Amino acid sequence: MTPKHFLSFHVEEHFHAAAFDSPMRRRHWNRFESRVENNTAKILDLLAERGRATFFVLGWVAERHGGLVRRIAREGHEVASHGYAHELVTAQTTQQFRDDIRKTKRILEDLTGESVLGYRAPGSSLTEETNWALPILVEEGYRYDSSLCSMPNQSAPDSVCTRLDSTSGPLWEIPLHGLKMAGLALSLNGFTMRLFSYRLLRHALKLAETYQKSILMHLRAWEIDPGQPHMKGRGLVLFRQYYNLTKLENRLRLLLRDFQFGPLREALPGPELSHATIGATVEAGQKWN
């Protein structure tokens, strides 16, 4: 049986990118042109009749575009939390983090009438130094996290979902791994989709299926928007933000044609109908490699 792959999107504005963040910019967020509703609607149109995905929504966006969040849920996709205002976990105290994820969960659940099971930290900021966040996620009612780039001692884990035992109970981790190729763990995200040819991307997923592995792909809503206003920054930052934006929409369309995708909640054990092998238990206090 061909494994199902998993697809997720960050529902955030183009000006929310962590690489461009500053206190001054945050004070002017409401003055910038909002493009997230059109971008996400375009993604939803592409997904229609072709698959389901998880949308990690910022609470800040949800407060301003409640109709969009309700549409995501109404069309059968999973709504999960991306925090409230794209604050890095590393920049928050434990109480600030708790308030952040509690507020966002409440906003999303009030809009959709559905339980929010998942969380993804902005800017890959859930690390060894911030693993204190794991028990807080459990205490606030989250069932899984999908923030880590790899699991302890695993550069490209065989399973999609791995159990973490925190001091407050178990939390499932769905790491942002992709496929191991030429000795490297290739993360299949929006940037790699823009960087590599579709032929190589298709080969990577076909290779994964040969070994009965599921791949998690993650993109940001603004990556489907080549007409977005360009911000100022350093060369490498600008390259990652804007390179090949014109090609992402068609590559996503081809991937949806050629492969089967589902939301991350389908990787969980239990009543969510697991589609993935569950890995071994690891301690939350172990180091991330």
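The values are calculated or read from the model by the stated rules, or taken from the named source; none is laboratory data. Everything quoted here is computed from the prediction, not taken from an experiment. Note that we place each Cβ from the backbone using ideal geometry, even for glycine, and neighbour counts take in every protein chain shown. These area figures cover heavy atoms from the full protein model, side chains too; ligands, DNA and RNA do not enter into them. Shrake-Rupley method; radii C 1.70, N 1.55, O 1.52, S 1.80 Å.
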Only one of Ser124, Ser115 is at positive phi and out of contact with any Pro (no Cβ under 8 Å at 6 or more places or on another chain). Can you tell me which?
Ser124
Hey, any hits in the range 231-242 for a residue that's more than 30 Å from Phe15 (Cβ to Cβ), modelled with pLDDT under 90 and not polar (S, T, N, Q)?
no
Just a yes or no: is a residue in the range 86-104 open to solvent by 10 Å² or more (accessible area, probe 1.4 Å), under 20 Å from Arg265 (Cα atoms), in contact (Cβ under 8 Å) with a residue 24 or more places away in the chain and assigned to a helix (DSSP H, G or I)?
yes
Only listed residue being open to solvent by less than 30 Å² (accessible area, probe 1.4 Å), within 26 Å of Lys206 (Cβ to Cβ) and either free of Cβ contacts under 8 Å to residues at least 24 places away in the same chain or touching a Gly at 6+ places or on another chain (Cβ under 8 Å) (or both), chosen from Gly51, Gly59
Gly51
Can you confirm whether Glu109 is farther than 24 Å from Phe261 by Cβ and in a helix (DSSP H, G or I)?
yes
How many of the residues making up the range 118-141 are open to solvent by less than 40 Å² (accessible area, probe 1.4 Å) and part of a helix (DSSP H, G or I)?
8
State all residues of the range 93-131 that are over 22 Å from Arg220 (Cα atoms) and modelled with pLDDT under 95; if no residue qualifies, say none.
Glu128, Glu129, Thr130, Asn131
What are the pairs, 6+ residues apart or on separate chains, where a residue within the range 225-241 that is free of Cβ contacts under 8 Å to residues at least 24 places away in the same chain has its Cβ under 6 Å from a residue that is of a type in the set (A, V, I, L, M) and surrounded by 10 or more Cβ atoms within 10 Å (Cβ to Cβ)?
Pro226/Leu245
